Amino acid sequence: MGRLEGKTALISGGARGQGAAEAALFAEEGANVVLTDVLDEEGERTADIIGGTFLHHDVTSEEEWAAVVARAVELHGGVDVLVNNAAIYSPSTLLETEPDEYRRVIEVNQMGVYLGMRAVAPAMIERGGGSIVNISSGAGMRAGSGGFAYAASKWAVRGMTKSAAARLGRHGIRVNSIHPGLIDTVMLGETRIVQGGNLDRAVERIPLGRIGRPEEVAKLALFLASDESAYSTGSEFILDGGSLA
């Protein structure tokens, strides 16, 4: 208990799934949690359960990023942790992906992370440091035939994480990425693996023999958000049951 005591954490995409699990665990560990999402009803419910604050937030908007960071500072005096969790998925392959669909995925998954890091960095610099945790994916570590736009965005998150870490380290700001494999969330149901009825076969190829839980992603995010990972930055942390082994 208390691994984030006195710290303020801003979590995008915090209404449900991995984001909600992170919000709950961070609050349990003493953080002031500000969770954001476009899913207002679910976001309000999650915030009420954990005792945090919910803010409506479109991560593709620079203005809304500025507003949620300002509100977090107003409420709690600063921001110590940012978890860039918000993302969307498209199962389309290269030839199936229309330009508008590609842009939509990139806007949320890549631009959202960029805007989030850019918005929170000045507040963290003023605070004397902080931790940024970018949720990428196993799709950001290896090629796949489906989810073309999603994979492109998650590879970009991996690269942006390293670049930001190299630049922000001098200010005491650490930046790391988490790369989950198959996790039991709503997004998993949108994949071709599930829609094609191939989940059981996919699970058989996972060395640990099961899909992951949102709470397991949250525990890794907690480690990276806390001072326990004080010498870790610019790194990928894989959480996939051994799929990439």
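The values are calculated or read from the model by the stated rules, or taken from the named source; none is laboratory data. Just so it is clear, the structure is predicted and the values come from calculations on it, not from any experiment. So basically every Cβ, Gly included, is an ideal-geometry build from the backbone, and we count neighbours across all protein chains shown. Please note that ligands, DNA and RNA were not included when accessible areas were found on the heavy atoms of the full protein model with its side chains. Shrake-Rupley method; radii C 1.70, N 1.55, O 1.52, S 1.80 Å.
Of note:
- Top-ranked residue of the range 224-245 - restricted to ones that are in contact (Cβ under 8 Å) with a residue 24 or more places away in the chain, assigned to a loop (DSSP other than H, G, I, E, B) and not polar (S, T, N, Q), ranked as surrounded by the fewest Cβ atoms within 10 Å (Cβ to Cβ): Ala245
- The condition (being open to solvent by less than 10 Å² (accessible area, probe 1.4 Å), touching a residue at least 40 places away in the same chain (Cβ under 8 Å) and hydrophobic (A, V, I, L, M, F, W, C)) is satisfied by just one residue among Ile106, Ile132: Ile132.
- Sole exception among (1) of a type in the set (A, V, I, L, M); (2) buried (at least 18 other Cβ atoms within 10 Å of the Cβ); (3) part of a helix (DSSP H, G or I) for Ile49, by number: (2)
- Options Glu64, Glu74; residue that is at pLDDT 95 or above, part of a helix (DSSP H, G or I), over 15 Å from the mean Cα position of the chain (by Cα) and surrounded by 15 or more Cβ atoms within 10 Å (Cβ to Cβ): Glu64
- Only one of the listed residues (Ala119, Ala139, Ala86, Ala123) is farther than 21 Å from Ala166 by Cα, in contact with a strand residue (DSSP E or B) (Cβ under 9 Å, 6 or more places away or on another chain) and part of a helix (DSSP H, G or I). That residue is Ala139.
- Residues in the range 203-223 that are over 15 Å from Ala245 (Cα atoms), open to solvent by less than 70 Å² (accessible area, probe 1.4 Å) and either modelled with pLDDT under 95 or of a type outside the set (Gly, Ala, Ser) (or both): Ile211, Gly212, Pro214, Glu216, Val217, Leu220, Leu222, Phe223.
- Test: Glu44 is in a helix (DSSP H, G or I), of a type outside the set (A, V, I, L, M) and open to solvent by 20 Å² or more (accessible area, probe 1.4 Å): yes
- Taken over the range 135-174, the criterion of being surrounded by fewer than 16 Cβ atoms within 10 Å (Cβ to Cβ) and of a type in the set (A, V, I, L, M, F, W, C) is satisfied by Ala143, Ala166.
- Scanning the range 142-162 for residues that are over 19 Å from the mean Cα position of the chain (by Cα) and without any contact (Cβ under 8 Å) to a residue 24 or more places away in the chain turns up Ala143, Gly144.
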